[in-house]
Amino acid sequence: MEKYEKLAVKGNTKMDLWMRYFTEMREKTRVPAPELLADPDIAKAINLLEVINYNEAEQYLYDKYWDAVSIEATWKGIGRREGEKEGMEKGRELEKRFLARNMLADGLEPTVVAKYTKLSEEELQKMMRE
């Protein structure tokens, strides 16, 4: 999307948000801008794009995780929708930790990582020690 890189997108329509996503996201960009994630449709699409781009090991873990969520929901006797909601919350927490580990491995300061992942600096220090 090189021809759009210099395009200044300022609106908040879905098209504007998508154009921002495609022009702002780069190989080393790990976290989309908060405004992009604030729109539920855009956030869902970004999440699906991330899942689609998992490598084989990540896809295996992702599938195993959802298998475990499904089994747990069945044992708890709750409906699929509630199980998915609970699973999404756990998945988001796992995703935050995954992103934090990558950001720290890339040399970002824990204060910056904490800002974008909403994890405490103490949690990040613990992750760095592990």
Practice task
Taking Pro40 as meeting all but one of (1) exposed (fewer than 10 other Cβ atoms within 10 Å of the Cβ); (2) more than 24 Å from Thr117 (Cα to Cα); (3) modelled with pLDDT of 80 or more, write down the number of the exception.
Solution key: (2)
Handout entry: Within the stretch 46-83, tally of residues that are at pLDDT 85 or above and under 14 Å from the mean Cα position of the chain (by Cα)
Key = 2
Fill in the blank from the handout: Of the residues in the stretch 113-122, those that are within 22 Å of Asn47 (Cβ to Cβ) and in a helix (DSSP H, G or I) come to Val113, Ala114, Lys115, Tyr116, Thr117
Fill in the blank from the handout: With criteria (1) modelled with pLDDT under 85; (2) under 16 Å from Asn47 (Cβ atoms); (3) basic (Lys, Arg), Arg129 comes up short on (2)
Exercise for the section: Go through the residues of the stretch 105-112 one by one and say whether even a single one is surrounded by 13 or more Cβ atoms within 10 Å (Cβ to Cβ), among the polar types (S, T, N, Q) and either modelled with pLDDT under 85 or within 18 Å of Pro32 (Cα to Cα) (or both). Expected result: no
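The values are calculated or read from the model by the stated rules, or taken from the named source; none is laboratory data. Nothing here was measured: the structure is a model prediction, and the numbers come from that model. Heads up, the Cβs are rebuilt from the backbone with ideal geometry, glycines too, and the neighbour counts pull from every protein chain shown.
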